[in-house]
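The values are calculated or read from the model by the stated rules, or taken from the named source; none is laboratory data. All of these numbers come straight from a predicted model, not from anything done at the bench. Ideal geometry is used to build each Cβ from the backbone, glycine not excepted, and the neighbour counts take in all protein chains shown.
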Amino acid sequence: MANGFDPRATASPQTAGTIGREGVAYDAGLRSYMLSVYNYMASGVLLTGIVALLFARSGLAADIFINGGLLKWVVILAPLGLVMWLSFGINRLSTGAAQTLFWVYAAAVGISLSTIFLIYSPTSIAKTFFATSAAFASLSLWGYTTKKDLTGWGNFLLMGLFGLIGAMLVNVFWQNNTFDLAISAIGVLLFAGLTAYDTQKIKSMYFVVQGSGELVAKSAIMGALALYHDFSNLFVFLLRFMGRRD
């Protein structure tokens, strides 16, 4: 992906042996960076799942989301506030604070998603999770390895995301099942595209931040946040198709 900066473009002429050693170090740095991104993302997804399951089994999910009143909206809107805090405040936060906020956000999303255990059977949730994992892994791998520049997808996917949000808001009042299925299908396609796009974007970001320990760490957290969103939304939209209601 073209990003206006590539340290290789300004490298001074060196011997083949030196370039080879730097190439190995460069690849090792990129692998370490991407591994950090995927570790954050996977552990966030795991935390979300554990919190959702425990919260549902405790009976608190039913109490809050069925009879919670104002508390229900606090729980629903809390993840939005946390992700905005993390996204817009990342430059002012320390790396440790950003990590903590990421975990808190993942746990808050788990509380919000606990309702799926009140609606769908555990077996269908598990099947959807594994299907999502397989799809996500394939799409992210393609985004990482493809030589195709996916930069042009950005505006299209962003417009699609805004359109999807608008359609979901309309259906809150319309309550049309056919329209809901169409929204789910579009959501699956949209977040499939975002998974590949975000993976390539995260990989490209390494070229910009490499060499700065704090920037690399913060970039890994924000990259994990993007992939976490892609995975969780892909899972939710697939669940609407694959989930069997209790």
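Brief remarks follow.
- For region 182-211, residues that are under 26 Å from Ala167 (Cα atoms) and either at pLDDT below 90 or hydroxyl-bearing (Ser, Thr, Tyr) (or both) total 3.
- The condition of being touching a Pro at 6+ places or on another chain (Cβ under 8 Å), in contact (Cβ under 8 Å) with a residue 12 or more places away in the chain and over 20 Å from Leu113 (Cα atoms) does not hold for Phe179.
- Summed over region 117-133, residues that are surrounded by fewer than 16 Cβ atoms within 10 Å (Cβ to Cβ) and more than 18 Å from Met41 (Cβ to Cβ) total 6.
- Inside region 86-111, residues that are within 17 Å of the chain's Cα centre (by Cα) and under 13 Å from Met222 (Cβ atoms) make up a count of 9.
- Scanning region 144-161 for residues that are in contact with a helix residue (DSSP H, G or I) (Cβ under 6 Å, 6 or more places away or on another chain) and under 21 Å from Ala185 (Cα atoms) yields a count of 3.
- Verdict on Phe136 being at pLDDT below 95, surrounded by 17 or more Cβ atoms within 10 Å (Cβ to Cβ) and in contact with a helix residue (DSSP H, G or I) (Cβ under 6 Å, 6 or more places away or on another chain): no
- Against the test of being on the phi < 0 side of the Ramachandran plot and in contact (Cβ under 8 Å) with a residue 60 or more places away in the chain, the options Leu71, Leu118 yield a single qualifying residue, Leu118.
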